[in-house]
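Trainee: One structure is given below, represented as structure tokens, and several questions about it will come after.
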Amino acid sequence: MPNPKRRHSQQRGAKRRTHYKATAETWSTDKTTGETHLRHRAHWVEGKLYYRGNIVIDKTPAEAEASESEPNQ
């Protein structure tokens, strides 16, 4: 593997690292539920998984009871 012949200065490494900046996460408010969540991520509200204002998964107690009573195949 190639190795540097001479030591790099601290300034050289610092110049390279100036582009690695910490950024704050962007939060949005869901229009349907009014909850705040990370952008482009699904979020749970009252047993329902929402993404872009639509319900993706519904895990409410009524559905959970119905799925428990069904026999496994």
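Trainee: Among the residues in the range 25-38, are any assigned to a strand (DSSP E or B), small (G, A, S) and at pLDDT 90 or above?
Mentor: Within the range 25-38, one or more residues are assigned to a strand (DSSP E or B), small (G, A, S) and at pLDDT 90 or above.
Trainee: Something else now. Go through (1) among the polar types (S, T, N, Q); (2) modelled with pLDDT of 90 or more; (3) over 15 Å from the mean Cα position of the chain (by Cα) one by one and return the number of the condition T18 breaks.
Mentor: Every condition holds for T18 apart from (2).
Trainee: Condition test on G13, is it under 30 Å from T60 (Cβ atoms) and out of contact with any strand residue (DSSP E or B) (no Cβ under 7 Å at 6 or more places or on another chain)?
Mentor: Here the answer is no, as G13 does not meet what is asked.
Trainee: From the set of residues in the range 39-73 that are of a type in the set (G, A, S) and assigned to a helix (DSSP H, G or I), which is modelled with the highest pLDDT?
Mentor: Filtering first and then ranking leaves A62.
The values are calculated or read from the model by the stated rules, or taken from the named source; none is laboratory data. It should be emphasised that the depicted structure is a prediction, and the values quoted were computed from it without experimental measurement. Please note: Cβ atoms are built from the backbone with ideal geometry, for glycine as well, and neighbour counts cover all protein chains shown.
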